Amino acid sequence: MRAVISLGGSVVGFPPDVEWLKAFRSFVEEFKEDIVAIVVGGGPLARQMMSVAARFGVTKDVLDEIGIATTMLNAWIVRSALDGLVLDRPLHFSGPMRTSLIPVFGGSVLPGITTDFVAALLAEHHGAAFVNITRVGGIYDKDPDRFPDAKLIKKLSYEEAEKLVFSSDRREPGTHFPVDVAAFSILRRSNIKAYIVGKDIENLRRLFRGEGWTGTELTP
């Protein structure tokens, strides 16, 4: 399976989860021919930095810029963990590209554009699947952080998923949701295969091998 990976900043961690990143490297080494690009989110680092800046009353576009900067910091950490497998420098997304090594992106050059949206555009351009690695590991019938009885939904149509995610996608800088509505619109218009999974490396391997895996699959 050829895929673009949207790697959540919460999975990278703050401070970064070094042991997980080492395990992720072994996964990338195994499937490097199948990974088109890796797009890295800001996660808790972004939210912490933006919460400090917000106390000074700055506008939301400034908060977006801070979020973009933190995605680049996380992208540098991922680039370091994947040294030799990826391009030497992480990139701001300004358009699709083709390289012999895997490019690592740290978000867009434009405020308001999420890393999921960037990954969806790349998946669309390359005719690849979209794989979102998240802390929560899928889409649930309700917020799993607030409701212990939340149930993982294994398969959703794009229409059903948009309705669920729209309720939590406030389009505010630093908000957290599995995949945002803008990314869904890209995935849906091109019928891109999309998978939302957790950070379990063996589960990722099963997904890329086409074996039994745990998470949410989005279907047209």
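We did not get these values from a lab; they are worked out from the coordinates using the rules stated. Just so we're clear, the structure is a prediction, and the values are computed from it rather than from any experiment. Here the Cβ is made from the backbone with ideal geometry for all residues, glycine too, and neighbour counts use every protein chain on show.
The gain in end-to-end length when the Arg189 to Lys142 segment is fully stretched comes to 14.4 nm, 0.36 nm per residue minus the alpha carbon separation. Distance between the 7 Å Cα→Cβ label points at Ser26 and Asp61: 4.7 nm. Only bridges with both residues in segment 3-219 count here: give the DSSP antiparallel percent, nearest 5. So the antiparallel bridges in segment 3-219 amount to around 20 percent.
Order of 115-126, 16-27, 138-149 by packing, highest average Cβ count within 10 Å first? Numbers along the way, then the final one.
Details: 115-126: 24.7, 16-27: 15.2, 138-149: 13.4.
Sorting 115-126, 16-27, 138-149 by mean packing, highest first, produces 115-126, 16-27, 138-149.
For His125 and Trp76, the FRET efficiency from 1/(1 + (r/R0)^6), where r spans their Cβ atoms and R0 equals 35 Å, is about 0.90.
Database remark: amide H of Val39 closer than 5 angstrom to the amide H of Ile5, Ser6, Leu7, Phe105 (H placed geometrically; neighbours at sequence offset of 5 or more, or on other chains; Pro and chain starts carry no H). Between Met1 and Thr219, the simple label model (points 7 Å from Cα in the Cβ direction) yields a spacing of 1.4 nm.
Give me the number: length gained by fully extending Glu211 to Glu19, i.e. 0.36 nm times residue separation minus the C-alpha to C-alpha distance, one decimal in nm.
Values: separation 192, 0.36 × 192 = 69.12 nm, distance 2.48 nm.
Value of the extension gain: 66.6 nm.
Database remark: amide H of Lys193 closer than 5 angstrom to the amide H of Phe130 (H placed geometrically; neighbours at sequence offset of 5 or more, or on other chains; Pro and chain starts carry no H).
Please report, largest first and rounded to whole Å, the three semi-axes of the ellipsoid equivalent to the chain, where each semi-axis is the square root of five times an eigenvalue of the C-alpha gyration tensor. List each step's numbers first, then the result.
Numbers: eigenvalues 106, 95, 58 Å².
So the three semi-axes of the chain are 23, 22, 17 Å.
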